[in-house]
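The structure under discussion appears below in the form of structure tokens.
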Amino acid sequence: MTSSTLPNISEMICRLAQLSELSNGITRQFLSSEHREANALVCRWMEMAGMRAHQDAIGNIIGRYEGLETDLPAVMIGSHLDTVVNAGKFDGILGVVVAIHCISALYKEKKRYRFPIEVIGFADEEGTRFQSTYLGSKAVAGTFDFTSLGRRDVNGTSMQDALLSFGLEPDKIKNAARKPKDISAYIEIHIEQGPVLEEQGIPAGIVTEITGAVRFQVTVTGTAGHAGTVPIHLRNDALVSACECVLMVEEIARKHPKTVGTVGQITVTAGASNVIPGETVFTIDLRAADNEIRHKVEHELISEMQRLCQKRQTKISLKKVHEAPSVTCSPRIINQLQNAFTKSKHKPYCLPSGAGHDAAAMADLTDVGMIFIRCKEGVSHNPAESVSEPDIQSGLDILLEFLNAYD
Ligand code: GLV
Ligand code: MN
Ligand code: MN
């Protein structure tokens, strides 16, 4: 096939949106059959765009566009192909398809730089299935935590078994790791997922830093009982106690304006209308750009929740399931992105990222930089995610200018 048969960016985004575990809505988790289909499709597109493509040992898909000099380190560009539950079409996916189109444009013009370029579609950034994020980019950066292979999804399948069923060999994950001498930079295009660029009236911005985050799984245990016979003052209701903790997450994040805290998942046992809840399990996601502030707020929150549960005579236990420190983007890359913005007639506006990104994990391997693209009303992790075609074109132009001047 030739590069002229490559679908356009909007068509690619719609094709990937169809690969979903849900019939109405987009959910594509790590190592699902839809992940396998997405990899096959992206692999084909990479080949059409002039790259050699392969899948690595964690399920990332990687295309390589050779440079004129074979032994120079590559510039890696891309983002992730997995999604949250009931996602939008653009989170992650946009960065992969824009990167493929960037190579296709070079290939059509028979243009090669001295250095090779690699395009990557990371297998897992969201952590939706195993509650452990950046699995794909950590494998590439050489920081994959092998103890996470024992984690189980909601159906009880371990990551180890899921990898095997996908056709991957878990003990080969170390082979996915790249060496710093082989990659000179990682650049990611991503939708902003917030309202700042729209408010500024500009299509794109340059990321300065990526927020740090911690996630907990919290279990509050009370005493299950009969909803009709136990007087209110004699109950140890695990759900009511957990609700006080949920409100405390909000109260503490409000008190420290540079932090955000979210409870996004809660399950109640027995989960029946005539049973006093005996156990409630919920998640906490706490973020701040400043690691010290995040640690301080984390400790304050834990001690406040312990106090609340003690008052209600319930028991609380917390398991830290994810932690990622905040990461500063490379000043060298920021500077080169500023030049690329100016050259393509865009204001080189800089902003921090409140969302996590593969670039944060890749910073352990190489210099990282990110280009944010404006999204409608700042909405993301929501089926209503929307990005305009002219804004996507701006991102592509900026990325091409960046590569053109890269040294
Ligand atoms: C990923 O999108 C995250 O920031 O949770
Ligand atoms: Mn996301
Ligand atoms: Mn993302």
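Being without any contact (Cβ under 8 Å) to a residue 12 or more places away in the chain and either within 26 Å of H381 (Cβ to Cβ) or within 16 Å of ligand 2 (Cβ to nearest atom) (or both) is true for just one of T83, T157. Which residue is that?
On the way: T83 fails: without any contact (Cβ under 8 Å) to a residue 12 or more places away in the chain.
When all the criteria are applied, what remains is T157.
Could you list, in sequence order, all residues of the range 122-165 that are closer than 26 Å to A74 by Cβ and either touching a Leu at 6+ places or on another chain (Cβ under 6 Å) or not assigned by TED's automatic domain parsing to the domain that holds V85 (or both)?
Answer for the range 122-165, where residues must be closer than 26 Å to A74 by Cβ and either touching a Leu at 6+ places or on another chain (Cβ under 6 Å) or not assigned by TED's automatic domain parsing to the domain that holds V85 (or both): D124, A141.
Can you tell me which residue is farthest from ligand 2 (Cβ to nearest atom) among those in the range 86-115 that are basic (K, R) and more than 30 Å from S132 (Cβ to Cβ)? Before the answer, list the steps.
Start the filter on the range 86-115 by keeping residues that are basic (K, R), which leaves 89, 108, 110-112, 114.
After this cut, where a residue has to be more than 30 Å from S132 (Cβ to Cβ) as well, the list is 108, 110-112, 114.
Values: K108: 31, K110: 36, K111: 33, R112: 33, R114: 34 Å.
Only one residue tops the list, namely K110.
So I398 fits all but one of (1) touching a helix residue (DSSP H, G or I) at 6+ places or on another chain (Cβ under 7 Å); (2) within 16 Å of ligand 2 (Cβ to nearest atom); what number is the exception?
Every condition holds for I398 apart from (2).
Return the total of residues in the range 369-407 being in a loop (DSSP other than H, G, I, E, B) and either over 25 Å from P257 (Cβ atoms) or out of contact with any Pro (no Cβ under 9 Å at 6 or more places or on another chain) (or both). Even if it seems obvious, please write down each step before you answer.
Here is the first cut: in the range 369-407, the residues in a loop (DSSP other than H, G, I, E, B) are 374-375, 379-388, 406-407.
Next, only the ones that are either over 25 Å from P257 (Cβ atoms) or out of contact with any Pro (no Cβ under 9 Å at 6 or more places or on another chain) (or both) stay: 380-388, 406-407.
Qualifying residue count, the range 369-407: 11.
Just to check your reading of the model, which residue among T269, T262 is within 16 Å of ligand 2 (Cβ to nearest atom), surrounded by fewer than 18 Cβ atoms within 10 Å (Cβ to Cβ) and not assigned by TED's automatic domain parsing to the domain that holds F130?
T262
Just to be sure, is D367 surrounded by 15 or more Cβ atoms within 10 Å (Cβ to Cβ) and either of a type in the set (V, I, T) or within 16 Å of ligand 3 (Cβ to nearest atom) (or both)?
No, not satisfied.
Does the range 69-83 contain at least one residue that is open to solvent by 10 Å² or more (accessible area, probe 1.4 Å), over 26 Å from G127 (Cβ atoms) and either in contact with a strand residue (DSSP E or B) (Cβ under 9 Å, 6 or more places away or on another chain) or within 16 Å of ligand 3 (Cβ to nearest atom) (or both)?
Quick first cut of the range 69-83, residues open to solvent by 10 Å² or more (accessible area, probe 1.4 Å) only: 69-73.
Pick out the ones that are also over 26 Å from G127 (Cβ atoms) and you get 69-73.
Within this subset, residues satisfying the condition of being either in contact with a strand residue (DSSP E or B) (Cβ under 9 Å, 6 or more places away or on another chain) or within 16 Å of ligand 3 (Cβ to nearest atom) (or both) are 72-73.
For the range 69-83, residues open to solvent by 10 Å² or more (accessible area, probe 1.4 Å), over 26 Å from G127 (Cβ atoms) and either in contact with a strand residue (DSSP E or B) (Cβ under 9 Å, 6 or more places away or on another chain) or within 16 Å of ligand 3 (Cβ to nearest atom) (or both): present.
Restricting the range 24-52 to residues that are of a type in the set (S, T, N, Q) and open to solvent by less than 10 Å² (accessible area, probe 1.4 Å), which is farthest from M76 (Cα to Cα)?
Of the range 24-52, the ones of a type in the set (S, T, N, Q) are 24, 27, 29, 32-33, 39.
Right, trim to open to solvent by less than 10 Å² (accessible area, probe 1.4 Å) and you get 27, 39.
Values: T27: 26, N39: 18 Å.
Across the range 24-52, the extreme among qualifying residues is T27.
What's the total number of residues in the range 116-129 that are within 16 Å of ligand 2 (Cβ to nearest atom), assigned to a loop (DSSP other than H, G, I, E, B) and not polar (S, T, N, Q)?
Step one: filter the range 116-129 for residues within 16 Å of ligand 2 (Cβ to nearest atom), giving 121-129.
Still in the running and assigned to a loop (DSSP other than H, G, I, E, B): 123-129.
Remaining after also requiring not polar (S, T, N, Q): 123-127, 129.
Result for the range 116-129: 6.
Kindly indicate which of R178, R112, R151 is farther than 27 Å from R52 by Cβ and either more than 16 Å from ligand 3 (Cβ to nearest atom) or in contact with an Asp or Glu (Cβ under 6 Å, 6 or more places away or on another chain) (or both).
R151
Among the candidates K343, K347, K376, which residue alone is under 22 Å from V85 (Cβ atoms) and either charged (D, E, K, R) or within 12 Å of ligand 3 (Cβ to nearest atom) (or both)? Before you say what the answer is, go through the steps one by one.
Working: K343 fails: under 22 Å from V85 (Cβ atoms); K347 fails: under 22 Å from V85 (Cβ atoms).
The match here is K376.
Given the condition surrounded by 17 or more Cβ atoms within 10 Å (Cβ to Cβ), farther than 14 Å from A213 by Cβ and assigned by TED's automatic domain parsing to the domain that holds F216, answer yes or no: does some residue in the range 284-298 qualify?
Our first condition is that a residue be surrounded by 17 or more Cβ atoms within 10 Å (Cβ to Cβ); within the range 284-298, this holds for 284-289, 294, 297-298.
So of that shortlist, the ones also farther than 14 Å from A213 by Cβ come out as none.
No.
The values are calculated or read from the model by the stated rules, or taken from the named source; none is laboratory data. A quick note: this is a predicted structure, and the numbers were derived from the prediction, not measured. As a convention, Cβ positions derive from the backbone with ideal geometry for all residues, glycine included, and neighbour counts pool all protein chains shown. Each accessible area value is taken on the protein alone, full model and side chains, heavy atoms only, with ligands, DNA and RNA left out. Shrake-Rupley method; radii C 1.70, N 1.55, O 1.52, S 1.80 Å.
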